[in-house]
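The values are calculated or read from the model by the stated rules, or taken from the named source; none is laboratory data. For clarity, every value in this text was computed on a predicted model and none was experimentally measured. When we count neighbours, we look across all protein chains shown, and the Cβ atoms used for this are built from the backbone with ideal geometry, even at glycine.
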């Protein structure tokens, strides 16, 4: 029986250095496996903005399991029922979008944890259904309940003015393992839609990253500009998304066309 409980991504948050990740949204397990062997430290299976269903998430988790990449799932929201189903298919690391208050943060932490054993603290309200849960290897994982809670990783995403205002309170919630800044939505909230690298957005994100680190929590963000990436690393970001599978495919196909098929008006004349 293999150890399917140790959360290597959660471990990496405390090991120092900077890790890099890829956003995944193609909703296909073969595409997930192709991306998994690329060398990235982690992958975000994005069920918020892509058509990934619970079954798709399960298939992708199974496809990438043999590879040295840590899966993170971004659910459509932090609803308890949504998180419960994803927990049971084996998700241990969550990136929950649009978190605005400490109360929301506490509810999310509670939703991914089982009730604490008698005499212990830090429990939650996650329902028990381990005989049907891949997470527990269908009740075949020894001492599952003794370790399940501590191996869950909760990353909360700040993307609004309200979330930014409450950032320190959110980061201080017990059970929040890291905080992630979403520059695109936060930039839009600040009045710069489609301009995640606007100087005012970069300045705001940089300060937020510093504030997260002051709170003693790891800080993450998404950035596709190498120069801005350096700014965010210097501001304290330690896990950074640097692109998406959809973006790589779209740009790669366009580049292929431009290199080989666009000569002579796209008629194959060179």
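The table below gives the values:
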read-out	value
Among the residues listed as 243, 220, 216, 252, the single one being surrounded by fewer than 11 Cβ atoms within 10 Å (Cβ to Cβ) and either touching a residue at least 60 places away in the same chain (Cβ under 8 Å) or not in a helix (DSSP H, G or I) (or both)	216
Members of segment 1-22 that are on the phi > 0 side of the Ramachandran plot and either without any contact (Cβ under 8 Å) to a residue 12 or more places away in the chain or part of a helix (DSSP H, G or I) (or both)	none
Test: residue in segment 159-170 that is within 17 Å of the chain's Cα centre (by Cα), at pLDDT 95 or above, crowded, with 16+ Cβ neighbours inside 10 Å and closer than 20 Å to residue 19 by Cα	no
Some residue of segment 214-225 being more than 20 Å from the chain's Cα centre (by Cα) and farther than 16 Å from residue 164 by Cα	no
